[in-house]
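Q: One structure is given below, represented as structure tokens, and several questions about it will come after.
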């Protein structure tokens with residue numbers, strides 16, 4: 001049985017490896033993505049316990065298609081959240097309500113800042129307040145960029161606790 | 001990134017909020033490669049709690065726009 005299955009797999013691969021890549025490339029444009037997804041789809045075919053698929057070719061293309069959709073979904077989700085990471089201040093016209101909230105949070109933020117260690121505070125003010133990049137901050141403070149990242153993490157955790165976010 | 005393995009949750013599963021802060025800070029660094037973006041996408045896709053946690057950090061970040069005013073006033077005080 002195992003031999004028959006291996007033979008079927010080899011035959012399917014011989015027939016369909018090029019069409020599958022073409023199919024995926026037409027849907028994706030990115031050849032590298034297409035090749036990666038094809039590889040994953042073949043791997044899943046190979047791992048299947050049930051050798052008696054009615055239509056192995058259809059299963060192969062369906063699997064590849066699902067993987068492709070999943071990848072697109074993930075990358076657009078990621079894009080949305082990454083964009084949010086860089087979306088900056090809301091510079092619209094603040095309502096009176098929002099101005100009061102902003103003033104309150106200003107004093108809370110001001111106080112929370114003083115509780116941070118010196119370099120951590122400086123790094124955070126440079127990044128959030130002056131739009132300096134990690135590399136620029138690293139130069140200014142004489143620390144590594146990974147240290148700057150750690151300062152930003154530390155500061156954000158602190159603000160999260162203080163602002164109850 | 002030195003703590004990358006903890007983000008993937010293979011060694012010590014971080015609380016979603018902590019992982020969200022780490023991802024946020026990572027994404028704002030100058031060098032984020034494709035494999036890290038893919039891991040971020042996988043992390044987001046894995047759990048609705050991850051997405052909520054990340055949204056909270058984005059909100060916190062917006063609130064911290066107050067730091068601009070503080071930076072500006074301390075600069076003019078110098």
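No value in this document is a laboratory result; all are computed from the given coordinates. Predicted model, so just to flag it, every value in this text is computed and none were measured. As a convention, Cβ positions derive from the backbone with ideal geometry for all residues, glycine included, and neighbour counts pool all protein chains shown.
Q: Given the Cα atoms of chain A, and with Rh set as the inverse mean 1/r over their pairs in the Kirkwood sense, what is Rg to Rh to two decimals? List each step's numbers first, then the result.
A: Numbers: Rg = 26.5 Å, Rh = 20.9 Å.
Checking Rg against Rh, the ratio lands at 1.27.
Q: Next question, about the same structure. Based solely on its DSSP helices, what 222 nm [θ] is calculated for chain A when runs of n ≥ 4 H residues each add -39,500 (n - 2.57) and the sum is averaged over all residues, nearest 500 deg cm²/dmol?
A: Helix-only estimate at 222 nm: -26500 deg cm²/dmol.
Q: How high is the relative contact order of chain A, in percent, with contacts defined as C-alpha pairs under 8 Å that are six or more residues apart?
A: Details: 78 pairs, mean separation 24.9, N = 165.
Result for chain A is 15 percent.
Q: Something else about it: Fully extended, how many nm does the chain gain between residue A:65 and residue A:17 (0.36 nm per residue separation, minus their Cα-Cα distance)?
A: On the way: separation 48, 0.36 × 48 = 17.28 nm, distance 1.42 nm.
Length gained between residue A:65 and residue A:17: 15.9 nm.
Q: Want the number for residue A:27 to residue A:87: 0.36 nm per residue separation, take away the alpha-carbon distance, what's left?
A: Full extension from residue A:27 to residue A:87 adds 18.6 nm.
Q: Restricting things to alpha carbons, tell me how big segment B:16-61 is in terms of Rg and Dmax, in Å.
A: Cα radius of gyration and Dmax of segment B:16-61 are 10.1, 27 Å respectively.
Q: Another question, then. Please give, to one decimal in nm, the separation of the simple spin-label points placed at residue A:54 and residue A:103, each 7 Å out from Cα toward the Cβ.
A: 7.1
Q: Can you give the convex hull volume of the alpha carbon atoms of segment A:2-84 per residue, in Å³? All intermediate terms of the calculation are to be shown ahead of the outcome.
A: Numbers: hull volume 7.4 nm³, N = 83.
Spelled out: Cα convex hull of segment A:2-84, divided by residues, is 89 Å³.
Q: Just rank A:148, B:67, A:10, fewest to most, by other beta-carbon atoms within 10 angstrom.
A: Lowest count first: A:10, B:67, A:148.
Q: Okay, moving on. May I ask you to work out the translational diffusion coefficient for segment A:105-163 at 4 °C, viscosity 1.567 mPa s, via Stokes-Einstein with Rh from the Kirkwood sum over Cα pairs, reported in whole µm²/s?
A: Working: Rh = 11.3 Å.
Answer from the Stokes-Einstein relation: 115 µm²/s.
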